[in-house]
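Enquirer: A single structure is presented below for examination.
All of the numbers you see were taken from the coordinates with simple rules; none came from a lab. A quick note: this is a predicted structure, and the numbers were derived from the prediction, not measured. With ideal geometry, Cβ positions are generated from the backbone for all residues, glycine too; neighbour counts draw on all protein chains shown.
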Amino acid sequence: MNLGDVRAVVTGGARGMGRHFAQAFAAEGANVVFCDVGAESVAAAASEIGVKGIAADVSREDDVERLFAEAEELMGGPVNVLLNNAGILRDGLLV
């Protein structure tokens, strides 16, 4: 599959499934930017997987606006794929 025309943003991309999605999109030729809440984890993941990362909290509207502005600048055009993967897992009983 060739995703050369894709400009994708992956939320929650510093680890787990989000990281895998970012890598998979990039491996197929997509221009990818991922985000996650921790600046250190974003920098480490970006370095390790070779995908651009931005520290942003998708629960904050101002961060989301900044994320898309920066992503579009980095990718040279508007985002045409959004993979919403961000979430928080809390251990505990589900009753």
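Enquirer: Which cross-chain or sequence-distant (5 or more) residues have an amide H under 5 Å from the amide H of Ala56, H modelled 1.01 Å from N in plane?
Expert: Asp36, Val37
Enquirer: Further question on the same structure: May I ask you to list the trypsin sites (Lys or Arg not before Pro) in the chain that are in a DSSP loop and have at most 14 other Cβ atoms within 10 Å of their Cβ?
Expert: Working: sites: Arg7, Arg15, Arg19, Lys52, Arg60, Arg66, Arg90; in loops: Arg15, Arg60, Arg90.
Listed in order of number, the matching sites are Arg15, Arg60, Arg90.
Enquirer: Using a simple charge model, +1 on the beta-carbon of Lys and Arg, -1 on the beta-carbon of Asp and Glu, nothing else, what dipole does the chain show about its Cα centre, in debye to the nearest 20?
Expert: Values: 7 positive and 14 negative charges, 59 e Å.
Rounded to the nearest 20 debye, it is 280 debye.
Enquirer: Computed from the coordinates I sent, log10 I(q)/I(0) by the Debye sum over Cα atoms at q = 0.11, 0.14, 0.21 Å⁻¹ equals one of (1) -0.50, -0.74, -1.00; (2) -0.27, -0.45, -1.07; (3) -0.29, -0.46, -0.97. Tell me the label.
Expert: Answer label, from the structure shown: (3).
Enquirer: Test of understanding: what is the full-extension gain from Asp5 to Leu89, defined as 0.36 nm times their sequence separation minus their Cα-Cα distance?
Expert: Values: separation 84, 0.36 × 84 = 30.24 nm, distance 3.30 nm.
Gain on stretching Asp5 to Leu89: 26.9 nm.
Enquirer: Separate question: In nm, to one decimal, how far is the modelled label at Leu74 from the one at Asp57, with both set 7 Å along Cα→Cβ?
Expert: Going from the Leu74 label point to the Asp57 one covers 2.0 nm.
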